[in-house]
1. Please report Rg over Rh for segment 92-177, where both radii come from the alpha carbon positions and Rh follows the Kirkwood definition.
2. Tell me the angle of helix 17-32 to the major Cα principal axis of the chain, expressed in degrees between 0 and 90 and rounded to the nearest ten.
3. Search the structure for amide H atoms under 5 Å from the amide H of G318, placed 1.01 Å from N in the peptide plane, and list their residues when 5 or more places away or on another chain.
4. Quick check: from the Cα gyration tensor, does segment 1-159 come out rounded (a/c under 1.5), prolate or oblate?
5. How large is ³J(HN,Hα), in whole Hz, for each residue of segment 162-172 in order, when computed from phi with the Karplus curve 6.51 cos²θ - 1.76 cosθ + 1.60 and θ = phi - 60°, using x for Gly and Pro?
6. Packing-wise, with mean Cβ within 10 Å as the measure, how do 144-154, 335-345 rank, highest first?
7. Whole number in Å², please: accessible area per residue of the chain, 1.4 Å probe, ligands, DNA and RNA not counted.
8. Compare the peptides 322-328, 184-190 by average per-residue count of other Cβ atoms within 10 angstrom and give them in order, highest first.
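The values are calculated or read from the model by the stated rules, or taken from the named source; none is laboratory data. Nothing here was measured: the structure is a model prediction, and the numbers come from that model. Note that we place each Cβ from the backbone using ideal geometry, even for glycine, and neighbour counts take in every protein chain shown. Ligands, DNA and RNA are excluded from the accessible area calculation, which covers all protein heavy atoms including side chains. Shrake-Rupley method; radii C 1.70, N 1.55, O 1.52, S 1.80 Å.
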Amino acid sequence: MERIIKDIIRGVSNTYGQAFFEQICLALSGAIQADYTFIAKLDKYRNEAQTLALVADNQIVDNITYSLKGTPCAGVLDTTTCCYPTKVCSAFPEDQLLVDMQITGYLGTAIHASDGQVMGIVVALYKHPIAAPDTTQTLFELFSGRISGEMERLEFQQKLQGLNATLERRVDERTNALQEAINNLQQTQERLIESEKMAALGSLVAGLAHEVNTPLGVSITSASVVNDSLKSFWPALRSGKLKRSDVDQVEQRCTEALGLLGNNLTRARDLVASFKQTAASKQELKMEEVDLVQYYRNILHLLWPRIQQKNIDVEFNGQVERPVLTFPAAHAQILTHLINNSMTHAFSHKHGSAKIIIQLREEQGMLLLDYCDNGRGLSNRERQHLFEPFFTTDRKAGSTGLGMSILFNLVTQKLAGQVRLKDTDTGFAMEIRLPLDLATIANAS
């Protein structure tokens with residue numbers, strides 16, 4: 001017996017899974033000299049058994065699935081061991097498989113899982129009476145534990161593979177869903193940013209409309225004065241009743257009116273030119289050499305009507321002596337967002353004098369923009385999250401929370417500069433530092 005056990009152990013060492021079942025079946029079959037030996041996994045719900053390894057005449061053959069009804073294997077589920085050394089077909093006449101295979105002897109041993117439940121069977125079939133059933137039963141009982149361990153390991157491995165596949169599928173599904181959500185968020189953010197940019201441009205358009213209407217109105221009135229004066233002048237001239245004083249009066253009125261007309265048309269032309277420069281650069285950021293001080297004055301001029309509506313006093317000081325090669329549109333958007341932020345948030349509940357101070361100067365090879373207002377200032381939370389996209393304290397009023405985020409990206413990415421919130425006892429203060437080195441700005445673009 002000891003030699004048989006060693007041979008079986010040697011035959012199945014270092015084998016796992018299907019190879020283990022086949023090797024131990026072959027080793028057991030050779031040791032007990034059975035005509036058929038198999039290991040089967042039970043399916044209690046279907047009352048079926050499916051062989052994991054089947055040996056016939058000491059050779060591995062294809063696995064089979066068979067019903068347990070009316071078979072001696074069904075008895076193994078209740079008695080753990082079922083042995084019929086001879087005449088097994090007489091005891092189970094409904095088992096047609098045994099009859100067809102001309103089986104005489106049958107020995108089956110249950111395979112128990114770690115929880116004690118029967119999970120399978122190991123069976124030996126003989127076409128002749130079993131000569132040593134005790135030896136066969138002992139070997140089956142001895143190796144059933146090793147067989148059950150491998151069956152459980154294989155079952156757990158299959159379950160783990162199934163769980164891994166399910167997990168990978170879920171991860172893929174959630175990754176795809178997350179990526180889609182990110183794409184939708186990016187598209188929404190891009191639309192909101194474009195909307196915010198157009199809103200800033202809208203402020204300039206509103207300012208332009210208001211500013212242009214004034215000189216155009218004066219121009220129309222002046223043209224009417226000239227027209228009315230000439231209408232009365234020509235009939236008087238033709239009738240010969242024209243006096244010297246009448247000529248002087250018409251000359252004076254027409255001169256004054258034409259002067260007003262020329263000045264106001266020039267003003268309207270300059271406004272339109274300023275707007276065209278700003279609006280065109282807002283549509284496409286292009287590097288240009290500009291007088292930034294005058295450019296800032298143009299932007300403030302276009303924003304002036306809205307600033308006046310809020311009764312805000314704006315003080316601008318510019319000290320940049322030479323033209324700067326930069327992105328003018330970026331500067332226009334930065335200044336517009338700063339002023340809009342002050343008008344929307346800083347002075348929303350302010351009583352008394354509202355003031356904004358803007359200083360643009362060159363210092364140690366850097367362009368410095370200092371901006372401050374005497375509004376309500378920022379809380380610690382607002383200072384911490386000011387430049388985050390979509391952060392706003394006034395969403396109910398329609399604020400998107402993108403203005404300062406756009407400003408930050410323009411300064412740090414497009415203009416290769418830095419933004420810093422300055423400490424102040426009252427109001428809001430920001431310092432923007434931009435390089436004047438043209439190569440740095442070009443590389444940042």
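1. 1.26
2. Roughly 0 degrees, rounded to the nearest 10.
3. Amide H to amide H, under 5 Å and 5 or more residues apart or across chains, G318 pairs with L360.
4. oblate
5. After applying 6.51 cos²θ - 1.76 cosθ + 1.60, I find x, 5, 5, 5, 5, 5, 4, 5, 5, 4, 4 Hz.
6. Ranked by mean Cβ neighbours within 10 Å, highest first: 335-345, 144-154.
7. Ligands and nucleic acids excluded, the result is 55 Å² per residue.
8. 322-328, 184-190
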